[in-house]
1. When residue 71 is evaluated against the numbered criteria (1) of a type in the set (D, E, K, R); (2) within 14 Å of residue 127 (Cβ to Cβ); (3) surrounded by fewer than 17 Cβ atoms within 10 Å (Cβ to Cβ), which criterion, by number, is the only one it fails?
2. I'm trying to understand the selection: among the residues of region 38-52, which are surrounded by fewer than 14 Cβ atoms within 10 Å (Cβ to Cβ) and more than 16 Å from residue 72 (Cβ to Cβ)?
3. So which of 98, 91, 55 is surrounded by 15 or more Cβ atoms within 10 Å (Cβ to Cβ), among the small types (Gly, Ala, Ser) and assigned to a loop (DSSP other than H, G, I, E, B)?
4. Is it true that residue 85 is among the aliphatic types (A, V, I, L, M), modelled with pLDDT of 95 or more and either surrounded by fewer than 13 Cβ atoms within 10 Å (Cβ to Cβ) or within 29 Å of residue 137 (Cα to Cα) (or both)?
5. Quick check on region 104-113. Is at least one of its residues at pLDDT 95 or above, buried (at least 19 other Cβ atoms within 10 Å of the Cβ) and among the charged types (D, E, K, R)?
6. Tell me yes or no: at least one residue of region 121-131 is among the aliphatic types (A, V, I, L, M) and more than 19 Å from residue 15 (Cβ to Cβ).
7. Only one of (1) at pLDDT 95 or above; (2) surrounded by 15 or more Cβ atoms within 10 Å (Cβ to Cβ); (3) within 21 Å of residue 141 (Cα to Cα) is not met by residue 76, so which one is it?
8. Given (1) in contact with a strand residue (DSSP E or B) (Cβ under 8 Å, 6 or more places away or on another chain); (2) among the hydrophobic types (A, V, I, L, M, F, W, C); (3) at pLDDT 95 or above; (4) surrounded by 15 or more Cβ atoms within 10 Å (Cβ to Cβ), identify the lone condition not met by residue 23.
Amino acid sequence: MIVDPKNVAEIKTSNYPQQFKSAIAGRVKKRLGNAAGLQNFGVNLVRLAPGSCSALRHWHSCQDEFIYVLEGEVTLVTNLGEQVLKLGMAAGFPAGNADGHHLVNRTDYDVVYLEVGDRTPGDSANYPDDDLIAKADGNSWIFTHKNGDIYQE
């Protein structure tokens, strides 16, 4: 199926608990994979405004992730520190590797990248810098504190 990104809805929200949503306030996603009818993996076209993050720093138990920079420069933050990714650079994050990662736009202009992740059932996301764990529940996520208590909205 052919997909024109101009015709794909922008997603500006997050399903994070309320106290974590401000970190990604300048993130806009277009779910290209969903628009193409893909079921086994997702592909998102993401625009990050200056000062925004891709997500809270995290790693997945079952899901591989991959990003490819299309416009601008973005800072990749991992357990090893920070690295600037420029146009044409890519990074991969293997499932089960407890190396928390996220992207931060520390420039004065928007950054655009492709984000690819699989949809392996039973996935969980761990957030080393925050009191947060996410567990996949079908097409949604259940967010808990690290002690297992569910976040209440």
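1. Condition not satisfied by residue 71: (2).
2. 39, 40 - these are the residues of region 38-52 that are surrounded by fewer than 14 Cβ atoms within 10 Å (Cβ to Cβ) and more than 16 Å from residue 72 (Cβ to Cβ).
3. Numbers: 98 fails: surrounded by 15 or more Cβ atoms within 10 Å (Cβ to Cβ); 91 fails: assigned to a loop (DSSP other than H, G, I, E, B).
Among 98, 91, 55, only 55 is surrounded by 15 or more Cβ atoms within 10 Å (Cβ to Cβ), among the small types (Gly, Ala, Ser) and assigned to a loop (DSSP other than H, G, I, E, B).
4. Values: among the aliphatic types (A, V, I, L, M): yes; modelled with pLDDT of 95 or more: yes; either surrounded by fewer than 13 Cβ atoms within 10 Å (Cβ to Cβ) or within 29 Å of residue 137 (Cα to Cα) (or both): no.
So residue 85 fails the test.
5. The answer is no, given that none of the residues of region 104-113 is at pLDDT 95 or above, buried (at least 19 other Cβ atoms within 10 Å of the Cβ) and among the charged types (D, E, K, R).
6. No: zero hits.
7. Unmet for residue 76, out of (1) at pLDDT 95 or above; (2) surrounded by 15 or more Cβ atoms within 10 Å (Cβ to Cβ); (3) within 21 Å of residue 141 (Cα to Cα): (3).
8. (3)
The values are calculated or read from the model by the stated rules, or taken from the named source; none is laboratory data. For clarity, every value in this text was computed on a predicted model and none was experimentally measured. Note that we place each Cβ from the backbone using ideal geometry, even for glycine, and neighbour counts take in every protein chain shown.
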